[in-house]
1. If amide H atoms are built 1.01 Å from N in the plane of the peptide, which residues on other chains or at least 5 residues away come under 5 Å of the amide H of THR72?
2. Using amide H atoms built 1.01 Å from N in the peptide plane, name the residues 5+ places from TRP47, or on other chains, whose amide H lies under 5 Å from its own.
3. When the chain is fully extended, how far beyond the present Cα-Cα distance does PHE118 get from ASN138, taking 0.36 nm per residue of separation?
4. Could you give me the ³J(HN,Hα) list for the range 80-93, computed from phi with Karplus coefficients 6.51, -1.76, 1.60 and θ = phi - 60°, whole Hz, x at Gly and Pro?
5. What FRET efficiency would be calculated for the residue pair GLU105, ALA83, taking the C-beta separation as r and a Förster radius of 22 Å, to the nearest 0.05?
6. Any idea what the dipole of the range 128-170 comes to, in debye rounded to 20, about its Cα centre with Lys/Arg Cβ at +1 and Asp/Glu Cβ at -1?
7. Quickly rank 103-112, 121-130 as a protection proxy: mean count of other C-beta atoms within 10 Å, highest first.
Amino acid sequence: MSNDNNTPDEVNNVPSGSEKPVPADPFTAPRNELRGGLYSEILPGLWQGGTHDDDGRKIHAHAHIDSRPITTDEFDVVGTFYANANSVDWHVIEMRYPFYDGNLEDANMDYLIGVARFMHSEWKRGKRVLSRCAAGWNRSGLIVALILIIDGYSAEAAINLIRVKRSEHA
């Protein structure tokens, strides 16, 4: 199980067709993070994150710096899947669809897939894209996994990559 670019020790999920490799050890993979780990880069330009505890609860003047609105200095497109999250700043495209964590019975999956397709197309156009929810593990991870699947990853490879780059709990 190897190809020209990777050895079996480097990859536990070797691509077949359009699937992409995932690093073998999620605990030693380097991470690129913003706002003290609130946001993690899954692939270049594709980010997954949460919401600061002060977000949506305090007046901005008294809130933690990481609860400030997201600006175009950080992201171009944001998918927000947590009702209490602050809105983004001017000129950042935001798609908001809060749904409950865990059970997806209340969620409109056709809409979520549409959001993932839009976010994927913007990411492929070179935009910096963030999927965020409360903790930054479940709802945001679902959307990032859908984006990765649209991009050609298997479901297993998408989940493994998210766990490598975001959290073993995601």
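1. Excluding prolines and chain starts, which carry no amide H, there are no hits.
2. For TRP47, whose amide H was placed from the backbone, the distant partners under 5 Å are ILE42, VAL129, LEU130, SER131.
3. Numbers: separation 20, 0.36 × 20 = 7.20 nm, distance 1.94 nm.
Roughly 5.3 nm would be gained on extension.
4. Per-residue couplings from phi come out as 10, 10, 9, 4, 8, 5, 4, 6, 7, 7, 3, 6, 9, 6 Hz.
5. Working: r = 17 Å, r/R0 = 0.76.
Using R0 = 22 Å, I get an efficiency of 0.85.
6. Working: 6 positive and 3 negative charges, 47 e Å.
Here the size comes out at about 220 debye.
7. Numbers: 103-112: 11.5, 121-130: 18.1.
So the peptides 103-112, 121-130, ranked by packing, come out 121-130, 103-112.
Read-outs throughout are calculated quantities, based only on the coordinates presented, and are distinct from any laboratory measurement. Predicted model, so just to flag it, every value in this text is computed and none were measured. No Cβ is skipped: glycine too gets one built from the backbone with ideal geometry, and neighbour counts run over all protein chains shown.
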